[in-house]
Amino acid sequence: MSIDKIKNFRGKVVDNVSKVIIGKDEVIELLTVAFICEGHVLLEDAPGLGKTKLVRSFAKTIGSEFKRIQFTPDLLPSDLTGIHFYNQKTKDFEFRKGPMFANVILADEINRATPRTQSSLLEAMEEHQITVDGETRKLANPYMVLATQNPIETHGTFPLPEAQLDRFFMRISIGYPTRGEELAIVDRNLELDALETLEERVEAGEIVELREAYKKVTVSEDVRNYLMDIIEKTRQDHRLLYGVSPRGTIALYKGAQAYAAIQGRDFMIPEDVKTMAKYILNHRIGYKGSFKNRHLYDGIEKILMEIDTPTESKVG
């Protein structure tokens, strides 16, 4: 698959999802990048901004089985993974799969579940498998977890630990629509349910190809060094409790490659790294004192402003 086909894939996904989600092409692009890189996404925003509808539209576009899980304090790990039960007819124990056995999982209000239940996602997100009663089962391919949480409400919630946050490829804020976009949203919802009429636009074989093709994007030494300057700055900054882990470095490298590919380029430029850094790194650093972020991206954006950007624009 050529880079042009990856760009066309981006176009198909954005055009299709935009039939339901108005004015959020950048967010749809980010989901596309995460999907290409086999990553998971945490959507952190106020209620009612269309997070659930966005995920459902994305899953339908890529033709994948979708499952929504409402996270609550009484949710148990077995409610996610499944259980062994005794079948009276067969006189034997059988495994009943939980909702984690799907292609696209919406973990709605993930921070309402207890830490024990949250931790049951770790193996699935990292290794694409689930172990129940000592027996390991592979999950579907493709496999993607898109979780939501409300950053404002804290009553009855359990903050995600750093180990859990680090499993997410990106943390994104959708944000409010503009005045014009919101009026268009109202009109569209009064006319029809666009989600119900949305059609699949991607074939399974296409997904396998594009997940290999983006890795062919070349990266010059100047761009590699710029990426590492950002990573090292997060580790050395006295305003931070801790910096980005090697897992975060790999995620940023892959994300910038995929972002370059969906733009139709077979080489990475510094702007690719800068664009993806605020989405991929914002949840991988710890804040302290007055440097605590007021918005998801504030901390990383401040760091990016303090680092010189290479003038190189193309790999020779």
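The values are calculated or read from the model by the stated rules, or taken from the named source; none is laboratory data. None of these values were measured; they are calculated from a predicted model. Every residue, glycine as well, gets a Cβ built from its backbone with ideal geometry; the counts of neighbours run over all protein chains shown.
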Q) Are any of the residues in segment 83-95 of a type outside the set (A, V, I, L, M, F, W, C) and touching a His at 6+ places or on another chain (Cβ under 8 Å)? A) yes
Q) What are the residues in segment 52-98 that are closer than 22 Å to Glu203 by Cβ, part of a strand (DSSP E or B) and among the aromatic types (Phe, Trp, Tyr), if any? A) Phe66
Q) Residues that are over 19 Å from Glu38 (Cα atoms) and not basic (Lys, Arg): which helices (runs of 4 or more DSSP H) entirely in segment 204-272 hold 1 or more of them? A) 221-236
Q: Could you grab me the full set of residues in segment 58-99 that are among the polar types (S, T, N, Q) and either at pLDDT below 90 or not assigned by TED's automatic domain parsing to the domain that holds Gly11 (or both)?
A: Ser64, Asn87, Gln88, Thr90
Q | Residue that is nearest to Gly11 (Cα to Cα) [pool: residues in segment 264-316 that are modelled with pLDDT under 90 and small (Gly, Ala, Ser)] | A | Ser313
**Q.** Candidate set from segment 64-84 (those that are under 17 Å from Lys138 (Cα atoms) and among the polar types (S, T, N, Q)); member that is surrounded by the most Cβ atoms within 10 Å (Cβ to Cβ)
**A.** Thr81
Q: Quick one: count up the residues across segment 237-272 that are under 18 Å from the mean Cα position of the chain (by Cα) and closer than 15 Å to Tyr214 by Cβ.
A: 14
Q.
List pairs: first residue in segment 53-77 and more than 30 Å from Leu210 (Cβ to Cβ), second residue of a type outside the set (S, T, N, Q) and modelled with pLDDT under 90 anywhere in the structure, Cβ distance under 7 angstrom, at least six positions apart or on different chains.
A. Pro73/Gly156; Pro77/Arg116
Q) In this structure, does Glu196 turn out to be within 15 Å of Lys19 (Cβ to Cβ), modelled with pLDDT under 90 and assigned to a helix (DSSP H, G or I)? A) yes
Q: Tell me which residues, restricted to segment 2-39, are at positive phi and over 15 Å from the mean Cα position of the chain (by Cα).
A: Gly23
Q. How many residues does segment 2-24 contain that are in contact (Cβ under 8 Å) with a residue 40 or more places away in the chain, among the hydrophobic types (A, V, I, L, M, F, W, C) and closer than 18 Å to Asp193 by Cα?
A. 3
Q) What tally of residues in segment 152-165 results from selecting those that are outside any helix (DSSP H, G or I) and surrounded by 13 or more Cβ atoms within 10 Å (Cβ to Cβ)? A) 4
Q. When the residues of segment 99-143 are filtered to those that are part of a loop (DSSP other than H, G, I, E, B) and of a type in the set (Gly, Ala, Ser), which remaining residue is farthest from the chain's Cα centre (by Cα)?
A. Gly134
Q) Which one is modelled with the highest pLDDT, of the residues in segment 31-49 that are among the small types (Gly, Ala, Ser) and surrounded by fewer than 20 Cβ atoms within 10 Å (Cβ to Cβ)? A) Gly48
**Q.** Hits in segment 208-242 - residues which are touching a Phe, Trp or Tyr at 6+ places or on another chain (Cβ under 8 Å), of a type in the set (A, V, I, L, M, F, W, C) and modelled with pLDDT under 90
**A.** Leu210, Leu240, Leu241
Q. Given the residues Glu209, Glu199, Glu181, which is the only one that is exposed (fewer than 11 other Cβ atoms within 10 Å of the Cβ) and either outside the structural domain of Ile62 (by TED's automatic domain parsing) or among the charged types (D, E, K, R) (or both)?
A. Glu199
